[in-house]
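S.K.: Once you've had a glance at the structure underneath, I'll fire off some questions.
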Amino acid sequence: MGIFEKKPDGGKSSSRDRRPENGNGKKKSNRKEPKHRPLLEDRRHRAYFIFALLYVATVVIMASGYLSRSQTVAEGNPSPYTIVSQSRVTFESAVLTEEYRREAVAAVSPVMSVDQQAIRSIEENNASLYDGIREIRQRVRDGESLSGTTAEGDQESAFRFFGLGEGEISYLLSAPDGDIDMLEEYSAGLLRKYMSSGVQTSGLEIVRQNMLEEIISSGLSTPAKSVVAAVIREIPLVETLLYDDEATQRRREEISRSVDPVMVTIEAGEVLVQEGEVVTPVLYEKLQNAKTTLRDYSHLGILGIALTVLVLYLLLGWFLLHYRPELPGDESYLVLLAVLMILGVILTQITAGVAAISALGGAFFFIAPLAAVGMLAAILLDNEIAIMMSMILGILLGLTADLAMEYALVAMVTTFVGVFSVSRVHHRSDLMKSALYIAGVGLAGILALGFFSGYSPTELFWAGLLGILGGFLSSILTIGILPYFELIFKVTTSLKLLELSDPNQPVLKQLLLEAPGTYHHSIVVSNLAEAAAEAVGANSLLARVGAYYHDIGKIRRPYFFIENQQMLMDNPHEKLSPRLSTLIITSHVKDGLEMARENRLPRSVQQFISTHHGDSMVSFFYAKAREAEGDSVKESEFRYDGPKPVSREAAIVMLADTVEASVRSLKNPNPGRIEGFVRKVIRDKFEAGQLSESQLTFRELETIARAFVRVISGIYHQRVEYPEKLAAEMERSKGNNGTSNDEPAESGEPATGTGDVPEPDPGVDS
């Protein structure tokens, strides 16, 4: 049975959570923002400012590298020195090929086409004239005056504009409607026949005369011929044969594509250009394809860099706004992203600078350790942002390498591998394993591109070796830089979470010593949350660590919570008012946040403390207050302050917390009762609107329920029923010794012996 089955209200959320919404469908905040604030005090403006700085820094760095690598050899200018080819190279000459294509295109005749819109306009005029004839016929039949005279006088004046005689007018007035329709169709057919073949302006009157001649020779009656001829003379004819620019362009493109590429071979030792010789486009193309590092210094090149970077960063900004809307409001994350991007840009420029002076030439781009940036972004931010950054840095590397996109392609693929290889890192040694993955995939990509591009065995060897070195260099940089980023930006990485999960952490040790019941509860909740998070593909490590710390606020008043009252004779809440009890119960969230800040727990862990109850109600004390005071009790006085969980992991911990506390109070737990109770708890949380801001789907809630049932069934399993003979022997042993440690608790009573202790609200405050 699903979580949302058999509910009379259809599983709709509670009406108490229906707050006004803004235009984006999000809940409006009651907090009023000041109308006027300094520019950089607005988070959105600060985000724009950070992005602007990132853009300027990137353009400056890339433009500086561009200028430093520029040469004095430029197209159209005399060469300052003689250049000789160092190796044999065959390439497709784009310059010569384009010349042949231009010649072929110039020979293409213009394509003319028939203007169908003009033909339709002519046909509409024809139809309009016949409609006018029908209107006059009908008005004359009805005896309606057309000109203010008698109907008989109107018969002549009505068709005067046609130039018709009395006989033709009489024919039009007396002819059946079918004849008029026939005449209209004949006129339309005649117009289509002569105009559809295409007529230019100079031939319009000739075509009209030909149509009139055909009317005369037709089999129509004399009055009918006169009527049709009058209509043809009345219709304004327009040019229907026009120059078809689209078809002409298409024809030219076809001819252009049909031209075979011109292949040029440069032999080793061939003089490409003599000192003082003007560098023509053909010579400059040879210099470029001879694997020289020549670059034409041009301000347009810098402009191209600026525009390319602008487009890429606008794409990154669009991605963040639509898929990571929380990031633009977090300046530290934006600064971290910007620093990582700048690091990647610097690495591309360093690689390009070494490639310009290296004997290996462009192959040196294969060593670019951009995978390090992707790995750092995946660990410090998330995989999706890391992928976006990898794509951008790969494109920038290709731009730096004179648009040699094979380098960009290898860089992007290896960076993707680096991102995915660290997505589930659990130890710093795992980062070394990623070097093998990056090196292996990089080598495979280089070999594939080398075979496709016709690399020589020597070139292939050096390129592959550089790719392998790039993989290990990326891993080394990641291991070396990561601790500094963790420290400076206070980012909670998987490695940091592993450290926080250590039971020897001061807060966890304090929780164990001062609130052992809560500690045990947190351990069980962590097991539930981890299993559920793994089942739905969420961050199970984050969920587990968040569950460890979600109830640390109970350390300050441990015995006010049922799980820590095991050794007490009395429940302290029995002596307190419901409102005071509620205040104490709900204050553990605030206390937990204060302790988290004192112990410098990451913000990602603090969210579990603040959201694990959302704004749910302390229903036990609310009901108790209503019994005492009646309907005057306000619900708002018995609710947590929130906020609701906004991540899948936080929502899972909320559900795990409630499920564990609720199932613990269940008498005679068995798999069937446990499953039904778990599903009811999750359904209640959903209907109360506590999951409205999380990212969980219905399908994921069903998966979470199954994971909870599996774990809880293993914890609260049924005890083995002892055979009667063995039970009698145990009873005799008890009579002889006074006690038995193995005696099961009676049905309906908790094994701890605390079944008589009233719980403030088992499903909420534990």
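The values are calculated or read from the model by the stated rules, or taken from the named source; none is laboratory data. Everything numeric in this text was worked out from a predicted model, so none of it was measured. When we count neighbours, we look across all protein chains shown, and the Cβ atoms used for this are built from the backbone with ideal geometry, even at glycine.
S.K.: Being within 14 Å of Lys554 (Cα to Cα), part of a helix (DSSP H, G or I) and of a type in the set (Asp, Glu), is that true of even one residue in region 567-582?
M.R.: Within region 567-582 (the criterion being within 14 Å of Lys554 (Cα to Cα), part of a helix (DSSP H, G or I) and of a type in the set (Asp, Glu)), the answer is no, since none of the residues qualifies.
S.K.: Further question: Any residue at all in region 549-563 that is in contact with a Lys or Arg (Cβ under 6 Å, 6 or more places away or on another chain) and either free of Cβ contacts under 8 Å to residues at least 24 places away in the same chain or in the same structural domain as Glu649 (by TED's automatic domain parsing) (or both)?
M.R.: Yes, because at least one residue in region 549-563 is in contact with a Lys or Arg (Cβ under 6 Å, 6 or more places away or on another chain) and either free of Cβ contacts under 8 Å to residues at least 24 places away in the same chain or in the same structural domain as Glu649 (by TED's automatic domain parsing) (or both).
S.K.: Restricting to region 449-501, give me the number of residues that are part of a helix (DSSP H, G or I), under 27 Å from Ser604 (Cβ atoms) and touching a Pro at 6+ places or on another chain (Cβ under 7 Å).
M.R.: 3
S.K.: Looking at Ile652, Ile609 in this structure, which one is in a helix (DSSP H, G or I) and touching a Phe, Trp or Tyr at 6+ places or on another chain (Cβ under 9 Å)?
M.R.: Ile609
S.K.: Continuing with the same structure: Does region 669-678 include one or more residues that are polar (S, T, N, Q) and buried (at least 23 other Cβ atoms within 10 Å of the Cβ)?
M.R.: No, region 669-678 has no match at all.
S.K.: Out of the residues in region 105-116 meeting the condition of being surrounded by 15 or more Cβ atoms within 10 Å (Cβ to Cβ) and hydrophobic (A, V, I, L, M, F, W, C), tell me which one is nearest to Glu239 (Cα to Cα).
M.R.: Val114
S.K.: Taking only region 505-517 into account, find how many residues are polar (S, T, N, Q) and over 40 Å from the mean Cα position of the chain (by Cα).
M.R.: The number of residues fulfilling the criteria is 1.
S.K.: Among the candidates Ser218, Ser187, single out the residue that is assigned by TED's automatic domain parsing to the domain that holds Asn125 and assigned to a helix (DSSP H, G or I).
M.R.: Ser187
Per-residue answers, yes or no, for (1) of a type in the set (D, E, K, R); (2) free of Cβ contacts under 8 Å to residues at least 12 places away in the same chain:
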| position | (1), (2) |
| --- | --- |
| Ser196 | no, no |
| Gln209 | no, yes |
| Glu214 | yes, no |
| Pro236 | no, no |
| Thr248 | no, no |
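S.K.: Are any of the residues in region 221-236 among the hydrophobic types (A, V, I, L, M, F, W, C), outside any helix (DSSP H, G or I) and modelled with pLDDT of 85 or more?
M.R.: Yes: one or more hits.
S.K.: Does Arg544 fit the bill of being in a helix (DSSP H, G or I) and among the basic types (Lys, Arg)?
M.R.: When the stated conditions are applied, Arg544 passes them.
S.K.: Could I ask something else about it? Go through Asp179, Asp154, Asp142 for me and flag whichever is surrounded by 14 or more Cβ atoms within 10 Å (Cβ to Cβ) and either closer than 30 Å to Asp244 by Cβ or modelled with pLDDT under 80 (or both).
M.R.: After ruling out the rest, the residue left standing is Asp154.
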